[in-house]
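The values are calculated or read from the model by the stated rules, or taken from the named source; none is laboratory data. Computed from a predicted structure; not experimentally measured. In this analysis, Cβ positions are derived from the backbone assuming ideal geometry, glycine residues included, and neighbour counts consider all displayed protein chains.
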Amino acid sequence: MSPAARPDFSLNAVRRYRELAELAEGGAVDVLVVGLGVTGAGTALDAASRGLSVAAIDAHDLAFGTSRWSSKLVHGGLRYLASGQVGIAHESAVERGVLMERTAPHLVRAQPFVMPLTALTSRRNAALAEAGLWAGDLLRAVAGTARGTLPGPRRLSAVETLRAAPGLRGHGLRGGLCSWDGRLIDDARLVTAIARTAAGHGARVLTRTRALSVTGTGALVRDELTGQETRIRARMVINATGVWAGRLIEDIRLRPSRGTHLVLRAESLAGLHTGLHIPIPGETSRFVLVVPQDDGRVYVGLTDEPVDGPMPDVPEVPESDIGFLLDILGTVLDTPLRRHDVVGAFAGLRPLLDTSHGVEPAGSRTSDLSRRHAVVTSREGVVTVVGGKLTTYRRMAQDAVDAALAACRLNAPPGRGTARLPLAGAASRATLAALSAPRRLVERYGTEATAIHALGEREPHLRAPVADGLDVTRAELVWAVRHEGALDASDLLDRRTRIGLVPADRAAALDAAHEALAAAAPSATGN
């Protein structure tokens, strides 16, 4: 049966209220996961798929933190290969293939990228980049990802490069390098699909539930909607709060880094449809990425700046980051962009491990830190998983659950099943192509697109877009309230859809969000 017809995959206010009440009655769960970003949601799914009872909580919402601020790419590990981190590169390539071919083909697609070869890119660096692309293609083959899923790299003439990216400056252009990688339709939608799949396997997925303190046997939590405090008892506790992990476990040492992206309209870049890799002058393995989206926006990123002091829930974007990214864009564009062309910006905080243990070498920076994840068990028995990347969330989750099982000496099946466990909405590409629903819905919701389309058929007013110039329909907002756990307008506009990345679009869609909440949401008590 399709997840579209399965109520156990649905998250909503009534289910949240019921499951919080069940936990308050005192029954212990096998695993309590704190944090519902991609790692926490993946951990909940891994544990639930092994037959363990699971509660997964977050103080805010699904994908509230770093997981919604990514470049929306599922990387194959090329950057890690260039820095000699072969193991991480191979792991990334394997997990990219898992997402594209098995678990989430509706959310991840092949994206072409062009690296323009300008006067700022020496022939030596161009040769090194081309060799790296072929090494990345070898990684793809070793990982078992089909050539039909990801085409191979090739060199382009200057004419072909300009045809692929017409906004580039033609003067001095020697040609380009074309490569392919995985691109997420939406990182927050991936987290939502993982969390709902975990719920379908019995996990209690509870947003707006803040952990006030944790031990190896549970946590004191507060319902952020009512203020009520309760204790959740658990045999294992896993801290998957990312860059905020140190708030719960003091021994965790991180060196967070800020990655900033710009949001542009596609027309600012001559209607760009091909991604760009723009070399950063003076660097050998760092690039600015230009990633076009299906909604007429283009993301440009990203920076890599160390962050000190308390970690904000929502990072601010400094003007210095915006200026840096515009300057790099200006090295290849025929018509440089100005500050007013930036219609939005966002920044994420990477939870990078601090492995310096003392004085750092001169010139040390966060871009040099390993993206390898680590699993640490505290003296109290709390397992913390930190580091890593969105692409490898499944392996991080598996390692965290394995460590928790070892710490409490509890037996459970090995965690290998999630590599073949389709996420909510997933199906083969042939099945997805045959669905009788608009292509845009299929690419965001997979098999569930037919149910969302049917909402509009039954209630014609739900077919309307949420605002002029936006593709998102009112039916999608209603679906998010009924089945995806959206509890307020912020959930709808900033995470279930990404309308909020452009403040003007968010303001235009706000009334539609409130109308959807009023029409679709029963009270939190179920009355």
Quiz item: Quick check, is residue 84 in the same structural domain as residue 336 (by TED's automatic domain parsing), at pLDDT below 95, in a loop (DSSP other than H, G, I, E, B) and within 30 Å of residue 243 (Cα to Cα)?
Solution: yes
Quiz item: Here are 123, 79: which of them is at pLDDT below 95, out of contact with any strand residue (DSSP E or B) (no Cβ under 8 Å at 6 or more places or on another chain) and either under 23 Å from residue 299 (Cα atoms) or outside the structural domain of residue 311 (by TED's automatic domain parsing) (or both)?
Solution: 79
Quiz item: When you go through (1) in a strand (DSSP E or B); (2) outside the structural domain of residue 394 (by TED's automatic domain parsing) one by one for residue 32, which number turns out not to apply?
Solution: (2)
Quiz item: Looking at 114, 98, 94, which is the one that is closer than 29 Å to residue 332 by Cβ and surrounded by 20 or more Cβ atoms within 10 Å (Cβ to Cβ)?
Solution: 114
Exercise. For residue 19, indicate whether it is modelled with pLDDT of 95 or more and surrounded by fewer than 19 Cβ atoms within 10 Å (Cβ to Cβ).
Key: yes
Quiz item: Which residue out of 308, 334, 341, 327 is farther than 18 Å from residue 70 by Cα, surrounded by fewer than 19 Cβ atoms within 10 Å (Cβ to Cβ) and touching a helix residue (DSSP H, G or I) at 6+ places or on another chain (Cβ under 6 Å)?
Solution: 341
Quiz prompt | Matching residues in the range 293-319 - criterion: being assigned to a loop (DSSP other than H, G, I, E, B) and touching a Pro at 6+ places or on another chain (Cβ under 7 Å) | solution = 307, 311
Quiz prompt | Residue match in the range 466-477 (condition: more than 25 Å from the chain's Cα centre (by Cα) and within 29 Å of residue 397 (Cβ to Cβ)) | solution = no
Self-check item: Matching entry among 59, 63 (being at pLDDT 90 or above and surrounded by 24 or more Cβ atoms within 10 Å (Cβ to Cβ))
Solution: 63
Quiz prompt | The lone exception for residue 99 - which of (1) part of a helix (DSSP H, G or I); (2) more than 20 Å from residue 426 (Cβ to Cβ); (3) in contact with a helix residue (DSSP H, G or I) (Cβ under 8 Å, 6 or more places away or on another chain) it fails | solution = (2)
Self-check item: Residues (surrounded by fewer than 19 Cβ atoms within 10 Å (Cβ to Cβ) and either on the phi > 0 side of the Ramachandran plot or not hydrophobic (A, V, I, L, M, F, W, C) (or both)) located in the range 118-131
Solution: 122, 123, 124, 125, 130
Quiz prompt | Hey, residue 150 within 25 Å of the chain's Cα centre (by Cα), surrounded by 20 or more Cβ atoms within 10 Å (Cβ to Cβ) and assigned to a helix (DSSP H, G or I) or not | solution = no
Practice problem: State the number of residues belonging to the range 222-255 that are touching a helix residue (DSSP H, G or I) at 6+ places or on another chain (Cβ under 8 Å) and of a type in the set (Gly, Ala, Ser). | Solution: 2
Quiz item: Hey, does the range 427-445 have a residue that's touching a residue at least 40 places away in the same chain (Cβ under 8 Å) and β-branched (Val, Ile, Thr)?
Solution: yes
Quiz prompt | Scan of the range 157-176 for residues that are within 31 Å of the chain's Cα centre (by Cα) and in contact (Cβ under 8 Å) with a residue 40 or more places away in the chain, ordered by number | solution = 161, 164, 165, 166, 167, 168, 176
Quiz item: When you scan the range 451-497, how many residues do you find that are surrounded by fewer than 17 Cβ atoms within 10 Å (Cβ to Cβ) and closer than 18 Å to residue 10 by Cβ?
Solution: 3
Exercise. Hey, can you tell me all the residues within the range 119-135 that are without any contact (Cβ under 8 Å) to a residue 40 or more places away in the chain and under 18 Å from residue 93 (Cβ atoms)?
Key: 131, 134
